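The values are calculated or read from the model by the stated rules, or taken from the named source; none is laboratory data. Quick caveat: nothing in here was measured; it's all calculated off a predicted structure. Heads up, the Cβs are rebuilt from the backbone with ideal geometry, glycines too, and the neighbour counts pull from every protein chain shown. These area figures cover heavy atoms from the full protein model, side chains too; ligands, DNA and RNA do not enter into them. Shrake-Rupley method; radii C 1.70, N 1.55, O 1.52, S 1.80 Å.
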Amino acid sequence: MGLTLRDHVKRYQPGFREIFGLGIVLLVTSFPGWTPDAEAIPPFARKYKVNCNVCHVRWPRLNAFGEQFLENGYQMPGTRDGGLVGKVRLGDVTLDDVSNYIGFLFDVEPLTHSTMRRDVPGAEDQTELANVNLLRMFTAGTLTEDVGFLMDITSLFGQSSDFELGRAFVSFNNLGGMNWGHLRVGRIDPSAYFSLATDRPQFFPVGPKIGSPFGPFGPSIQRWSTLFGSAAASKFYGIFDRNMAPIFPISPTLYNSTVEAGIDLHGRPFGDWFLYQIGILNGGEERWGDTNNSKDWYVMTRFDYAQSDYFSANLSGFAYFGNHNAKVLSGADVSRSRYGVGARIRYRWLDLYGSYTIDRITDLPNGMAATFDDTATGVTIEAHAIVTDRLLLGTGFNHMDAGGELSQRKSATFLSFQARYYLRSNIALQIRNDVNLRDAEGGTSPARNLRNQVVTNVAFAF
Amino acid sequence: MKRPFRILITSLGFLWALGSSLSVYATTLSEIDVSGGALIYERSCLVCHGIDGHGDGPAAFYNSAYSASRPRDFTVGNYKYRSTPSGELPTDQDIFRVITNGIPGAMPSFGGLPESARWKVVAYLKAFSQDATGKKPETVTLPEPAIPTSSASVAQGRSVYLALDCHSCHGVDGRGRVGLTRAKELIDSRNLPMPPSDLTLAGSFKIGPSARDIVRTLFTGLDGTPMPSYANQLHGQEVDAWHLANYILSLSPSN
């Protein structure tokens, strides 16, 4: 979703924006007839005049056709159609109708209830109203044949009114032949083609509430839930970015980052059954620039089976090699690497997927080995079922075997359930419950003391 | 920097080795596919229409999970958007047109394929439902000349609409709302519930939004759906089809 945990750090102040946001949501959802042409709302749906579910299992997760469209750099599979559906020609560049390449995403948590363990000082049950999560504007499409682009900017209403640039890249498609190589350049999300892409989570991300800049260690962290899944998460306690801001253990990172600057090449030169991906990133959790003066690299391969009987399956594995992409408390550089596998099965109403990752920190300063665990692992498994045309039920399991500073480290295991009802294929009402499977214990860690959390959520894209 | 370079070189080497051993596979694929249609079908259509053309591709379920329309099963030969009488196969032009324009709501346009590629895939699709006789399908003759719209024609169209009982499915107001019509009982050839089109929405005409498209649909029917052909009822009063079309288009004024 183009977010890091940093984005989600919220100091809750119910303000005008939240109330305004909730007002908009109520307004929109209470007038189901407000959009004349039924379901085709977000830009690609508008552009190609099809329902959202042509590309999505249920928005936002992609189905096999949506994946092909994405892989082909926002062109219909097997084509170089960039611009053909366009309306305005500027020389050899074609622009679509504005509405065909601009979209909005809006996400509100009208009601959140967290159950904390009572004997922790300051940790009480909390109920929050109208937590406006994010408003995102994005623009995506094709500039001309075989050239696609995407850019998104996001505002996190709960936190600041600034719009922040998320992904922004140009994609040069079908280099060397149809499906041979597609090159993305810019601010990208590397895991886009992995079995479990970080982007478009079926469980809407729920941000933690953190009361001080050093939240993960201090007593004031109040919400912890499986933001993007443990397999994607950073998993280490006590590591920092270039500016010595903590990298939160639940923040998606490395291969599974939501945005990193770099170059990525992927393709299917041998037919639909095999995909390769290879990329270079600035790494180092840097949104701009490359002050660590070194690059991170990754390779991913994916095998697909998808022919008939409403069935598809894939299996993928990657290796990500980091280079001075984090710091420890002393300010010394360390290198984080990650190895992961993922799989996904879709059969009619069932969407089942999971991923397992192992993270390693190398180049630890001398003498830290005794107090710092250099290995961490994470598992995410999710299953979703399309119960009726409008109802999706899901469950997810996340287990993080955390690493990092032994004094702070807390592993976490959560089980999640959700029900999502689609008023239209682009408007979802959701209720999600996360249950802590670990025993409660003393101390202040939300990984143990957040016992249960119910979040309601309204999201729409248009 | 040194280690990642080694890794990159190694992985490129690995990919190259894999590639050269697999290029054998790639050649066999294009050799089998004499006309070129198979490869295009596999890249662009298989994911919805399925490897054997049964309309059960890996992405076929979602848009129509528990209601119509799933991607067409080409082996049944039960095409909706034809210019031929009910029960017949479509002409090549009919198929070409669907590929080029897409089907609003259900199937995106594949106009991005070069024209020659679209013709190749037409040939490939026809092989799924080879008519044993191999005879060329005849097209229906539409009443000519077209009758331009006018308030008199629209009024005449409305009485034909009621006389032919269109409202039993589409509703008196044309919106086909479930509850006011037989909409609830309607199913398609796959037994999936199929609501009648909302005739007041310009975007809901899948075959095209012109009067000629609607007139053609009245004579051909939409095979595989509850929407029948009216060729028999209109016999002798064929021009009524134009009035009817003018009336239907008057329901979606934005058109």
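Couple of notes before you dig in:
- Gap separating the Cα centres of segment A:360-428 and segment A:317-357, nearest whole Å: 11 Å
- Interface residues of segment B:95-128, defined as a loss of at least 10 Å² in heavy-atom accessible area between the chain alone and the complex of all protein chains with a 1.4 Å probe, are B:P104, B:G105, B:A106, B:P108, B:S109, B:F110, B:G111, B:G112, B:L113.
- Interface burial for B against A (accessible surface, 1.4 Å probe, total of both chains, Å², rounded to 100): 4000 Å²
- Annotation: aspartates and glutamates with alpha-carbon distance below 15 angstrom to B:K206 (same-chain offsets under eight excluded): A:D37, A:E39, B:D94, B:D198, B:D223.
- A 1.4 Å probe run over segment A:352-462, with the rest of the protein chains in place, finds 37 Å² accessible per residue.
- For segment B:42-62, residues shielded by at least 50 square angstrom of accessible area compared with the chain on its own, probe 1.4 Å: B:R43, B:V47, B:I51, B:D56, B:P58, B:F61, B:Y62
- In segment A:385-409, the residues that give up 50 Å² or more of accessible area when the other protein chains are added, compared with the chain on its own (1.4 Å probe), are A:D389.
- Taking amide hydrogens as placed 1.01 Å from N in the peptide plane, the amide H of A:G141 sits under 5 Å from those of A:F149, each at least 5 positions away in sequence or on another chain.
- B:S210/A:L350 FRET efficiency (R0 30 Å; Cβ-Cβ; nearest 0.05): 0.10
- Pairs exceeding 25 Å between alpha-carbon atoms, taken from A:K49/B:K135; B:K80/B:K136; A:K47/B:K184; B:K126/B:K184; A:K327/A:K410: A:K49/B:K135; A:K47/B:K184; B:K126/B:K184.
- Rg/Rg_ref, segment A:241-292, where Rg_ref = 2.2 N^0.38 Å and atoms are Cα: 1.46
- Per residue value of the accessible surface for segment B:99-255 (all protein chains in place, 1.4 Å probe), Å²: 50 Å²
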